[in-house]
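The values are calculated or read from the model by the stated rules, or taken from the named source; none is laboratory data. None of the values given here were measured: they were computed from a predicted structure. Neighbour counts run over all protein chains shown; Cβ positions are idealised from the backbone, glycine included. Accessible surface is based on the protein model in full, side chains and every heavy atom, while ligands, DNA and RNA are left aside. Shrake-Rupley method; radii C 1.70, N 1.55, O 1.52, S 1.80 Å.
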Number of protein chains: 2
Amino acid sequence: MKRLSEEELIHWIAAGGEDAPAFLRRGIGDDCAVCRPAPGTELVVTTDLLVENRHFRLTTSPLADLGWKVGAANLSDIAAMGARPVAFFLAAAFPPDRQAEFKAIMGGLRAILQWAAAPLAGGDLSAADRFLFCATVIGEAPAGGALLRSGARPGDIVYITGEPGYSAAGLRLLEAGWRVGARGGVRDAAGAPVPPQAPARRCLTRHLRPEPRLAAGLFLRESGAVTACIDTSDGIAKDLRQIAVMSGVGTEIDAVFVRACADGALVTVADALGGGEDYELLFTVDPSREATFLNAYTRAAGLPPLRRVGRIVADHPGELRLLTPAGPQPLPVSGFDHFRPPRSHEPRA
Amino acid sequence: MKRLSEEELIHWIAAGGEDAPAFLRRGIGDDCAVCRPAPGTELVVTTDLLVENRHFRLTTSPLADLGWKVGAANLSDIAAMGARPVAFFLAAAFPPDRQAEFKAIMGGLRAILQWAAAPLAGGDLSAADRFLFCATVIGEAPAGGALLRSGARPGDIVYITGEPGYSAAGLRLLEAGWRVGARGGVRDAAGAPVPPQAPARRCLTRHLRPEPRLAAGLFLRESGAVTACIDTSDGIAKDLRQIAVMSGVGTEIDAVFVRACADGALVTVADALGGGEDYELLFTVDPSREATFLNAYTRAAGLPPLRRVGRIVADHPGELRLLTPAGPQPLPVSGFDHFRPPRSHEPRA
């Protein structure tokens, strides 16, 4: 493959884009992208840096899946605000002789941007001795409508979408040597093909190609019943503590929820509470609106399942407690920290 | 110094910020920052990735200057759109044992954000084996007002602010062994102190602590006389060609401008035309408004000097030509390309 110059690569990227929607007056090609916020809206903005061999390994996942995931990690933050993504920016660096890999990664990123109807609006390209990505996404919500972490009140009920812990279980399979081919074929650590119905596939898919909960996020915001929301990128324990700290409340997790998280084979309780990269939505619901909310949620089409996690309390603000038959017990918060050495039970982010 | 956890570092960063202005409903601490665009405005967005030992070297510049420059590179793009910066996002990665350096770099970034009245609104932190920065900035302009690269028309006059080439000359001094101490003391390659009045100091300052032309950019936009604008981060030749390509016009550079760029000692013509990181504004003015524009510009306080570069022509669209006594000659475009090997005359970006 001919190696493209920086300018040619930017053209290649710009040419692959969809027509710019109304929000973008000017996309790739100027000093800045130019955005036109609609009257009566507010914007939410998130940025994430991903470094090869620290946040991802090109050896364990197909390149297109990596591109998908770069998009998913950021779109999940937009989902957590109950917003709609309107512009995506990608700054990327990589070794000049690895343009073919970059293009394959861009293929996966384009796929999720199309899935999310979010246009690639700008970015930056440079060379480095490994792959680096920094994605920035802008989302739109009605003015005053974006969901924050800080609105939880004592008495609120805590819910989570989807299947916490599946991503951590999928990562463990990949680290044990399971492999997914570019066409979706899966082989276990011994190299034997894995049948399409195998439960392990769900874990691998949730880790490699997570679907940010954009539709659920919009539903939560529009319901008017949700008081606080966060996406679970660092594990339920760490993320729920963020809600507790930011809202100045305590939280109690039901033992029945914890037991239900472990599926008995692939997914452990530690995966569910401390596993990263789930990209589920963890949120609190006003108890006076809970019944109406659940009713509407279960009738809506295309939303992920919900599980009741526990409730918000006034005492022990900023802390997590586990509700056991013997009463509430403190729950130590684990989770990934970039600036201290990892412990064995922690996911690698 | 005690090593902080990721959470503690985020607190340290958040605590150093100013009060959030009206534009920011929510800054650091949630899944996303929440921004409130004013009615009748449009937003401009830029993102830049900077990699240690590729875009900068910690050995050649004081740490605070590096932080300043991370901000300057991005704020310059906002200036080029004629916009006012309203929110700055920083994604950073670095080795966990180099927190002291990170804090010193943040000191310089804070200084320029304060200078530019741009609040730090969010970001991302992670560990890596070297320093990486990805800055994203949002700027605000009246709806339809942002200056683009694509508006130049035949007959327009090309101008540039400030002193092109000084940054490249400053970089050459640093590469030759000149050093600037944290307190501003300068020593030449032989280690001898350099007096405060020495012309070399201006080159070093323009390279290490460039001031993005925000005030000039606002003036250009408000004048209504400017048809296209770009900031010179890759050298006049490459950046002017961007205006030519995006506007579908040709450009002619006056030989007298080229001669005037070289100061006879430190700054060469190659520095001025091909040197990177000047962060000056290169723009085109409607000839029917030129006199009024120049009149107002020279009366305004605090703006950098202007130089006439040349003019826009209809023929040879997308190309640069040098106006010599023998007639126009094609001017080869050089400039840094991340994806091909550097030539000897090119700046290292």
### Summary
Reported set for region B:283-331 where residues are in contact with a helix residue (DSSP H, G or I) (Cβ under 9 Å, 6 or more places away or on another chain) and among the basic types (K, R) is B:R289, B:R307, B:R308, B:R311
#### Entry: Of residues in region A:119-136 being more than 8 Å from chain B (Cβ to nearest Cβ) and of a type outside the set (K, R), the one farthest from A:A314 (Cα to Cα)
A:D129
### Message
Quick test of your reading of the structure: A:L4 fulfils all but one of (1) farther than 26 Å from B:R25 by Cβ; (2) buried (at least 16 other Cβ atoms within 10 Å of the Cβ); (3) in contact with a strand residue (DSSP E or B) (Cβ under 7 Å, 6 or more places away or on another chain). Name the failing condition by number.
### Response
(3)
### Task
Return only the number of the condition from (1) within 14 Å of another protein chain (Cβ to nearest Cβ); (2) buried (at least 16 other Cβ atoms within 10 Å of the Cβ) that B:G144 does not satisfy.
(2)
## Note on the structure
Counting only residues in region B:313-326 that are modelled with pLDDT of 85 or more and not in a loop (DSSP other than H, G, I, E, B), the one nearest to B:E277 (Cα to Cα) is identified as B:L320
### Message
Looking only at region B:116-125, how many residues end up being surrounded by fewer than 21 Cβ atoms within 10 Å (Cβ to Cβ) and more than 17 Å from the chain's Cα centre (by Cα)?
### Response
1
### Message
Out of the residues in region A:234-251 meeting the condition of being touching a helix residue (DSSP H, G or I) at 6+ places or on another chain (Cβ under 7 Å) and surrounded by 24 or more Cβ atoms within 10 Å (Cβ to Cβ), tell me which one is nearest to A:L323 (Cα to Cα).
### Response
A:T251
### Query
Only one of B:G82, B:G29 is on the phi > 0 side of the Ramachandran plot, within 17 Å of the chain's Cα centre (by Cα) and not assigned by TED's automatic domain parsing to the domain that holds B:R209; which?
B:G82
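Can you name the residue in region A:156-184 that is assigned to a strand (DSSP E or B) and within 18 Å of the chain's Cα centre (by Cα) and is also nearest to A:A104 (Cα to Cα) among such residues? Full working, then the answer.
So in region A:156-184, the residues assigned to a strand (DSSP E or B) come out as A:157-161, A:179-180.
Then keep just the ones that are within 18 Å of the chain's Cα centre (by Cα); that gives A:159-161.
Values: A:Y159: 37, A:I160: 33, A:T161: 31 Å.
The extreme case among them is A:T161.
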### Query
Among (1) more than 19 Å from B:A79 (Cα to Cα); (2) touching an Asp or Glu at 6+ places or on another chain (Cβ under 7 Å); (3) not hydrophobic (A, V, I, L, M, F, W, C), which single condition is B:E252 missing?
(2)
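Evaluate the following for A:G310: is it more than 16 Å from A:R213 (Cβ to Cβ), part of a loop (DSSP other than H, G, I, E, B) and not basic (K, R)?
Numbers: more than 16 Å from A:R213 (Cβ to Cβ): yes; part of a loop (DSSP other than H, G, I, E, B): no; not basic (K, R): yes.
Against the criterion (more than 16 Å from A:R213 (Cβ to Cβ), part of a loop (DSSP other than H, G, I, E, B) and not basic (K, R)), A:G310 does not qualify.
Can you find even one residue in region A:49-59 that is open to solvent by 10 Å² or more (accessible area, probe 1.4 Å) and of a type in the set (S, T, Y)?
Taking region A:49-59 first, the residues open to solvent by 10 Å² or more (accessible area, probe 1.4 Å) are A:50, A:52-59.
Okay, now just the ones that are also of a type in the set (S, T, Y), so A:59.
For region A:49-59, residues open to solvent by 10 Å² or more (accessible area, probe 1.4 Å) and of a type in the set (S, T, Y): present.
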### Query
open to solvent by 20 Å² or more (accessible area, probe 1.4 Å) and out of contact with any His (no Cβ under 7 Å at 6 or more places or on another chain) - does that describe any residue in region B:80-87?
yes
## Note on the structure
In region A:211-232, anything open to solvent by less than 40 Å² (accessible area, probe 1.4 Å), within 15 Å of the chain's Cα centre (by Cα) and not charged (D, E, K, R) is listed as A:P212, A:L214, A:A216, A:G217, A:C229, A:I230, A:T232
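Table: residues versus (1) open to solvent by less than 10 Å² (accessible area, probe 1.4 Å); (2) not acidic (D, E).
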residue: A:G107; (1), (2): no, yes
residue: A:Q114; (1), (2): no, yes
residue: A:L132; (1), (2): yes, yes
residue: A:E140; (1), (2): no, no
residue: A:P154; (1), (2): no, yes
residue: A:V158; (1), (2): yes, yes
residue: A:T161; (1), (2): yes, yes
residue: A:Y166; (1), (2): no, yes
residue: A:L171; (1), (2): no, yes
### Task
Determine if region A:185-203 includes at least one residue that is in contact with a strand residue (DSSP E or B) (Cβ under 7 Å, 6 or more places away or on another chain), part of a helix (DSSP H, G or I), modelled with pLDDT under 95 and open to solvent by less than 60 Å² (accessible area, probe 1.4 Å).
yes
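One residue is enough: does region A:246-257 have a residue meeting the conditions more than 17 Å from the chain's Cα centre (by Cα) and free of Cβ contacts under 8 Å to residues at least 60 places away in the same chain? Before you say what the answer is, go through the steps one by one.
As a first pass, look at region A:246-257 and keep what is more than 17 Å from the chain's Cα centre (by Cα): A:246-257.
Still in the running and free of Cβ contacts under 8 Å to residues at least 60 places away in the same chain: A:256-257.
For region A:246-257, residues more than 17 Å from the chain's Cα centre (by Cα) and free of Cβ contacts under 8 Å to residues at least 60 places away in the same chain: present.
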### Which numbered condition B:D254 misses (of (1) of a type in the set (D, E); (2) surrounded by fewer than 23 Cβ atoms within 10 Å (Cβ to Cβ); (3) closer than 28 Å to B:V86 by Cβ)
(3)
